[in-house]
Amino acid sequence: MLQAMKTTLRHRRLVMLTVAVVAMLLVGAACNAGTQPGPPEAMLRLLELVNQARADNGVAPLQPCGPLGLAAAANSHDMAEHGFLGHTGSDGSQPDDRAVRFGYGSRFVGENAAVGPDTVEEVFLRWMNSPGHRQNILDPAYQHAGFSWFGGYWTQVFGANGAC
């Protein structure tokens with residue numbers, strides 16, 4: 001019972017944090033000159049890099065998507081909390097399970113995950129230099145994306161045909 005309460009509280013905190021990040025992205029949050037960029041700015045920068053790479057390759061831009069951001073955050077937090085890098089969650093969930101769990105409504109999703117890079121630019125370059133990750137970033141079928149970073153763990157979730 002106590003473990004279930006702790007899990008529920010952790011989930012609520014995760015949802016509140018991610019909703020705040022997504023809301024800031026959607027209203028065009030920007031960092032002030034001379035300040036250290038926080039997570040919303042980093043996620044906005046990652047979206048910019050992804051969409052620039054897509055434009056350079058003749059692919060339509062991705063739109064930020066709250067449910068996919070929540071799915072990404074769930075994976076980043078799970079990996080950080082349990083000390084692993086992967087697409088299968090500690091509860092056995094897959095990327096499409098998490099997307100549906102957070103309301104995306106489509107199982108047509110892909111996911112990139114990484115651990116370690118300190119900057120958005122470093123993780124983006126790592127993904128672009130990996131054929132499978134690059135394919136996810138440039139896949140013209142994807143319409144939406146959500147991004148997360150927590151405790152050194154990065155997650156991108158891409159999707160199509162779902163509700164944002």
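The values are calculated or read from the model by the stated rules, or taken from the named source; none is laboratory data. Note that the structure is a prediction, hence the values are computed from the model and not measured. Ligands, DNA and RNA are excluded from the accessible area calculation, which covers all protein heavy atoms including side chains. Shrake-Rupley method; radii C 1.70, N 1.55, O 1.52, S 1.80 Å.
What are the principal axis extents of the Cα atoms in the range 113-164, in Å, biggest first?
32, 23, 14
Got a number for carbon plus sulfur as a percent of the range 32-164's accessible area, 1.4 Å probe?
Details: 3120 of 5930 Å².
Looking at the range 32-164 in its full context, I get 53 percent from C and S.
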